[in-house]
Every structure is written in C-alpha cells, then in structure tokens.
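**Student:** To start, I am sharing the structure in question, which I have written as structure tokens.
The values are calculated or read from the model by the stated rules, or taken from the named source; none is laboratory data. It should be emphasised that the depicted structure is a prediction, and the values quoted were computed from it without experimental measurement. Here the Cβ positions follow ideal geometry from the backbone for every residue, glycine too, while neighbour counts run over all protein chains shown. In case anyone asks, the SASA skips ligands and DNA or RNA and just uses the protein heavy atoms, side chains included. Shrake-Rupley method; radii C 1.70, N 1.55, O 1.52, S 1.80 Å.
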Amino acid sequence: MTFTNRTALVTGAGRGIGKAIAETLAAQGCTVICVSKSAESCGAVAAAITAAGGKAVARAVDVSDGPAVAAAAEALLKEFGKIEILVNNAGITRDGLLARMSEADWDAVIQTNLSSCFHWTKAIGWPMCRGRWGRIINISSVSGVIGNAGQANYAAAKAGMIGFTKSIAKEFARRNVTANVVAPGFIKTDMTAELSAEVQAGATALIPMQRFGEAAEIAHAVAFLASEEAAYITGQVFSVDGGMAM
Ligand code: NAP
C-alpha cells in the first residue's frame, strides 16, 4: 500500500479498533492525530507510536460535542496545514430492549456514533475537497447492516453512518475525496469484553469463521481504503466480520 506522508485523524484512537488503526496508519508513514474522550488514553497511544519511531499527536475531544469538534478541527488544520485521512471510529453502546431503552440512551448513542461523523466530516471534509485528495472511512457495524435485538439505538446510528457515507461520497467524488464504510462484526475489544460469556458464545455461533476478529484485522481494511491504491473505490460498505452478514 502506498502512502505519501499523509496526515490522518482517527477518533476513538485510545483503545481497541481505533488504536489498531492509528498504529497501522503510523506504521505506513502517516502522521496520526489520535483523538479520544480522555487525554490519558489517546496520549498513551500517541506516545507509544512516537516511541516506536512514528509520528503522532493526541487530542482529547468529545466527538459528540459539535462546537468542540469544530474548534479542535480548526486548530488542527492550522497546525498541520491539511488532514487528508479521516477515520470516524469513536463509538459507544447503551444496549437494551426498546421497551426499556431511555431517551438518554438513544440520544447518547446517536450523538456519539452518528452526529460525530457529521461534525468531523463537515469540519475536515471541505478542506480535503479543496486539496483535491482525501479519504474518509467510517466505522459502522454488522448491527447497522442486519440489525440486532437490544441495539435499536446503536443499529440506527450505524445504519445512519452508511446513508451518510454514501451521500458524502456522491458530494465529494468530483474532488478526488472518497468515503467508505467498514462494518466490523464482533471484534475482541473492551466493548465486547463487557458482554456475558453466554452472549459471546451465542454470537460466536452466528459467525461462519467461529471466532471474534482482532482489531488489527479491521485496521488492515481501513489502511487499504486510506491508501493510494483505493483511489477508485467510494460509497462502499466493507463487512469485516468473519462472514456474519453475508
Ligand atoms: P472501545 O474499545 O470501547 O473504544 C472506544 C473508543 O472510542 C475509546 O478510545 C473512547 O475514548 C472513544 N470514545 C467513546 N466515546 C467518545 C466520545 N464521546 N468522544 C471521543 N471519543 C470517544 O470500542 P471498539 O470496540 O474499539 O469500537 C470502535 C468502533 O468500532 C466503535 O464505533 C464501535 O461501535 C465499532 N464496532 C466495534 C465492534 C466490536 O466488536 N468491538 C463491532 C462493530 C463495530 P476513551 O479511550 O477516552 O474512553
């Protein structure tokens, strides 16, 4: 894969899938802006990348806070000149059957998982278009593709990311800016560690490959979509899920 000194911003880079994406892009020579909610987690990832000889900085930004994202993006664009790769990965779950789901749980998941894509893409997407080169990769979920009982809020946000991505792919295509979705299945991170052993066993039974994926397996797909070689791919949804959603 070819990367020519690109600058990438990865949200939710403090742990799990986002950390793997940040490390993989840094290993390909990108300068990586690691964003997470707490300064501690993204700071540790950026420090580890730097210690390994890569280029990374950390910024604590609540991605659900529109004005905070706009201010952070403006400052980062001034500091770096351009941000050419945007990976909207930060996400949360607030699972529960609809009858018991509170409006607060609905709002938190929509704002963190879906509205965050709007905030970051609005702030960084147009400068990318002006530079005539860009890659936007949004991390959705198998739940957004096939739905999941107990995840109406999460599946709605993740399906929303797909419609959002296809729309901006059409808006930005003429400017050589692509936008694609990666839809992971069950991946071994803190998010799935919260699931009971019974739920994990039930999920594994639904995966043709009969195992949870590794965060690095998502990161490789993201890195390809961010590379020069993926120039003619836009508006697509890539399931990386051991065959779960086929
Ligand atoms: P994770 O281990 O729980 O890590 C989530 C990351 O998102 C953390 O770095 C966290 O920041 C950050 N984050 C959460 N809320 C934020 C906010 N308001 N502002 C800024 N950052 C915030 O999650 P993961 O499993 O790696 O999942 C990453 C993405 O993949 C999510 O969008 C998730 O929905 C999606 N996904 C995961 C799976 C899976 O099986 N794991 C499957 C399908 C899709 P802190 O480090 O500061 O807490």
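**Student:** What is the chain's relative contact order, in percent, from Cα pairs under 8 angstrom and six or more apart in sequence?
**Tutor:** Value for the chain: 20 percent.
**Student:** Above 23 Å lies some portion of the pair distances; for region 7-239, what is it as a whole percent of all C-alpha pairs?
**Tutor:** Percent of Cα pairs beyond 23 Å in region 7-239: 45.
**Student:** Okay, moving on. Which of the pairs 55/170; 82/158; 37/78; 78/122; 158/188 have their Cα atoms more than 25 Å apart in this structure?
**Tutor:** From 55/170; 82/158; 37/78; 78/122; 158/188, over 25 Å: 55/170; 82/158.
**Student:** Something else about it: Just to confirm the number: angle between the C-alpha axis of helix 152-172 and the first principal axis of the chain, 0 to 90 degrees, nearest 10?
**Tutor:** 30 degrees
**Student:** Now, a different point. Out of residues 5 or more away from residue 33 or on other chains, whose amide H comes under 5 Å of its own, with H placed 1.01 Å from N in the peptide plane?
**Tutor:** Under 5 Å from the amide H of residue 33: 8, 9, 10, 57.
**Student:** Please list, in chain and number order, the residues 5+ apart from residue 186 or on another chain whose amide H is under 5 Å from its amide H, with Hs placed from the backbone.
**Tutor:** For residue 186, whose amide H was placed from the backbone, the distant partners under 5 Å are 213.
**Student:** Where the centroid of each part is defined by its Cα atoms, how far is region 7-77 from region 135-165 in Å?
**Tutor:** 22 Å
**Student:** Further question on the same structure: Helix-only estimate, please: 222 nm mean residue ellipticity of the chain, summing -39500 (n - 2.57) across DSSP H runs of length 4 or more and dividing by its residues, to the nearest 500.
**Tutor:** Rounded to the nearest 500, it is -14000 deg cm²/dmol.
**Student:** Where in region 154-246 are there chymotrypsin sites (Phe, Trp or Tyr not before Pro) that are in a DSSP coil and have at most 11 other Cβ atoms within 10 angstrom of their Cβ?
**Tutor:** 232
**Student:** Relative contact order, percent, of region 60-141 when contacts are C-alpha pairs under 8 Å separated by at least 6 residues?
**Tutor:** 45 percent
**Student:** Might you tell me the accessible area per residue for the chain, computed with a 1.4 Å probe and given in Å²?
**Tutor:** Value returned for the chain: 45 Å² of accessible area per residue.
**Student:** Now for a different question. Might you report the magnitude of the Cβ-based charge dipole of region 1-154 about its Cα centre, with Lys and Arg at +1 and Asp and Glu at -1, to the nearest 20 debye?
**Tutor:** 540 debye
**Student:** Next up: For the chain, build the charge dipole from Cβ charges (+1 Lys, Arg; -1 Asp, Glu) around the Cα centre, then report which of 41, 14, 235 sits farthest towards its positive end.
**Tutor:** Value computed over the given set: 235.
**Student:** Follow-up. Restrict the search to region 131-202; then list the trypsin sites (Lys or Arg not before Pro) that DSSP places in a loop and that have at most 11 other Cβ atoms within 10 Å of their Cβ.
**Tutor:** Here the sparse-neighbourhood loop sites are 132.
**Student:** Select from region 1-106 those trypsin sites (Lys or Arg not before Pro) which occupy a DSSP coil region and have at most 15 other Cβ atoms within 10 Å, ordered by residue number.
**Tutor:** 82
**Student:** A follow-up question, please. Between 210, 236, 111, which gets the highest mean-square fluctuation from a Gaussian network model of the chain, Cα cutoff 10 Å?
**Tutor:** 210
**Student:** Label residue 190 and residue 50 with points 7 Å out from Cα along Cα→Cβ: what is the distance between them in nm?
**Tutor:** Each label point is offset 7 Å from its Cα along the Cβ direction, giving 2.1 nm.
**Student:** Further question on the same structure: I need the phi-derived Karplus couplings for region 30-36: 6.51 cos²θ - 1.76 cosθ + 1.60, θ = phi - 60°, integer Hz, Gly and Pro marked x.
**Tutor:** Result, rounded to whole Hz: 6, 7, 10, 9, 8, 10, 8.
**Student:** Helix 66-80 sits at what angle to the longest principal axis of the chain, using alpha carbons and giving 0 to 90 degrees rounded to 10?
**Tutor:** Approximately 40 degrees, to the nearest ten.
**Student:** Relative to the first principal axis of the alpha-carbon coordinates of the chain, what is the inclination of helix 16-27, with its axis defined by its Cα atoms, in degrees from 0 to 90 and to the nearest 10?
**Tutor:** Once rounded, one gets 30 degrees.
**Student:** Moving on. Pull the list of the chain cysteines that no other Cys approaches to under 4.7 Å, Cβ to Cβ.
**Tutor:** 30, 117, 129, each lacking another Cys Cβ under 4.7 Å.
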